[in-house]
Amino acid sequence: MIKTIGLSKRFGGKLAVNALDLSIDQGEFFCFLGPNGAGKTTTIKMLTGLLKPSGGRAELGGIDIQKHPVATKSILGYIPDTPFLYDKLTGREFMRFVAGLYQLPKEVLNGKSEELLELFEVRHVGDQLIENYSHGMRQKLSFAACFLHDPKIVIVDEPWVGLDPKNIRFVKEYLKQKTREGLTVFMSTHTLSLIEDVADRIGIIHQGVLLHTGSIKDILTLARTPGSLEDVFLELTRGENE
């Protein structure tokens, strides 16, 4: 469902992502790890069509993102770490706005929108302006809007920001359940303990280069001495001069 072939991005003299080759299957929960500045967000922005690659290509559902941007976005849901929402809209107005972008029929919107607002616990503030929402409420509204068009692929960048433990657990279990139903999830996060609960496979990127991919068990075997996922991650991404 997600495939990159030699995907690269250069900013001036800096190669932020260097010839990334990835293949992620339908129904897979893939977690993308790396230190700050490793190339995670740049990769995500290329996968969502927000950045044009300097080289290589990316496909979603077998469709080239650069050649067919509308077709790829129709099967994609994206949740950034800091959601951009329109402050002068209410929650329900924002849901209608998103439904319009995806050209959803009004009869589909009416039931689905309320169901998702209820599911993510923002229905009670659905008629309030978004400018009055807390960060956690904004994040939950972003999740509700993301699933409005039944995406086949969801890309999330640090989804836990602003969420309390109860909502973190709910989102984690909801995404995992959705992968069992065929959704493909690509998630970037620094919260290693949560990754151990949800990831089918992990990719570790460092200085723009994909170092390793594999299950948690596979990744743990890469350490020179036995340790936790955090220990292995720190060992694999340690700077050459350290």
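The values are calculated or read from the model by the stated rules, or taken from the named source; none is laboratory data. Here the structure is a predicted model, which means the values were calculated and not measured. Don't worry about glycine lacking a Cβ; one is built from the backbone with ideal geometry, like all the others, and counts go over all protein chains shown.
Within region 18-36, being farther than 16 Å from HIS212 by Cβ and assigned to a strand (DSSP E or B) holds for one residue alone: PHE29.
Conditions tested, residue by residue: (1) of a type in the set (Lys, Arg); (2) in contact (Cβ under 8 Å) with a residue 40 or more places away in the chain; (3) assigned to a helix (DSSP H, G or I).
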position: PHE143; (1), (2), (3): no, yes, yes
position: VAL156; (1), (2), (3): no, yes, no
position: LEU163; (1), (2), (3): no, no, no
position: ASN167; (1), (2), (3): no, yes, yes
position: GLU173; (1), (2), (3): no, no, yes
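How many residues are farther than 16 Å from PHE30 by Cα and out of contact with any Gly (no Cβ under 6 Å at 6 or more places or on another chain) if we restrict to region 161-195? So the answer is 8.
For LYS45, the conditions (1) closer than 30 Å to SER23 by Cα; (2) in a loop (DSSP other than H, G, I, E, B); (3) touching a Leu at 6+ places or on another chain (Cβ under 7 Å); (4) not β-branched (Val, Ile, Thr) all hold with the exception of (2). Give me the pairs, please: first residue somewhere in region 51-70 and more than 11 Å from LEU7 (Cβ to Cβ) and assigned to a loop (DSSP other than H, G, I, E, B), second residue anywhere and modelled with pLDDT of 95 or more and of a type in the set (Ser, Thr, Tyr), beta-carbon distance under 8 Å, and either six or more positions apart or on two chains. These pairs meet every condition: GLY61/THR72. So for region 103-113 (the condition being free of Cβ contacts under 8 Å to residues at least 24 places away in the same chain, part of a loop (DSSP other than H, G, I, E, B) and in the same structural domain as TRP160 (by TED's automatic domain parsing)), does at least one residue qualify? Within region 103-113, none of the residues are free of Cβ contacts under 8 Å to residues at least 24 places away in the same chain, part of a loop (DSSP other than H, G, I, E, B) and in the same structural domain as TRP160 (by TED's automatic domain parsing).
Condition first: touching a residue at least 12 places away in the same chain (Cβ under 8 Å) and either in the same structural domain as THR48 (by TED's automatic domain parsing) or of a type in the set (A, V, I, L, M, F, W, C) (or both). Now tell me which residues in region 84-102 satisfy that. Result: LEU85, LEU89, PHE94, MET95, VAL98, ALA99. Taken as a whole, the structure leaves ASP231 outside the set of residues that are among the acidic types (Asp, Glu), assigned to a loop (DSSP other than H, G, I, E, B) and either under 30 Å from LEU101 (Cβ atoms) or assigned by TED's automatic domain parsing to the domain that holds LEU7 (or both). Applying the condition of being of a type in the set (Ser, Thr, Tyr) and surrounded by 16 or more Cβ atoms within 10 Å (Cβ to Cβ) to region 65-106 and asking which residue is farthest from the chain's Cα centre (by Cα) yields THR90.
Looking only at residues that are of a type in the set (A, V, I, L, M) and within 20 Å of the chain's Cα centre (by Cα) in region 11-32, which one is surrounded by the fewest Cβ atoms within 10 Å (Cβ to Cβ)? For region 11-32, the residue satisfying everything is LEU22.
Is there a residue in region 114-131 that is assigned by TED's automatic domain parsing to the domain that holds GLU59 and assigned to a loop (DSSP other than H, G, I, E, B)? No, region 114-131 contains no residue that is assigned by TED's automatic domain parsing to the domain that holds GLU59 and assigned to a loop (DSSP other than H, G, I, E, B).
For (1) under 27 Å from ILE168 (Cα atoms); (2) of a type outside the set (Gly, Ala, Ser), each residue gets a yes or a no:
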position: PHE84; (1), (2): yes, yes
position: ALA99; (1), (2): yes, no
position: GLN103; (1), (2): no, yes
position: VAL108; (1), (2): no, yes
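From the list SER193, SER134, SER142, the lone residue that is within 18 Å of PRO80 (Cβ to Cβ) and surrounded by fewer than 13 Cβ atoms within 10 Å (Cβ to Cβ) is SER134. Which members of region 193-228 meet the condition of being free of Cβ contacts under 8 Å to residues at least 24 places away in the same chain, of a type in the set (Ser, Thr, Tyr) and not in a loop (DSSP other than H, G, I, E, B)? The answer is SER193, and nothing else.
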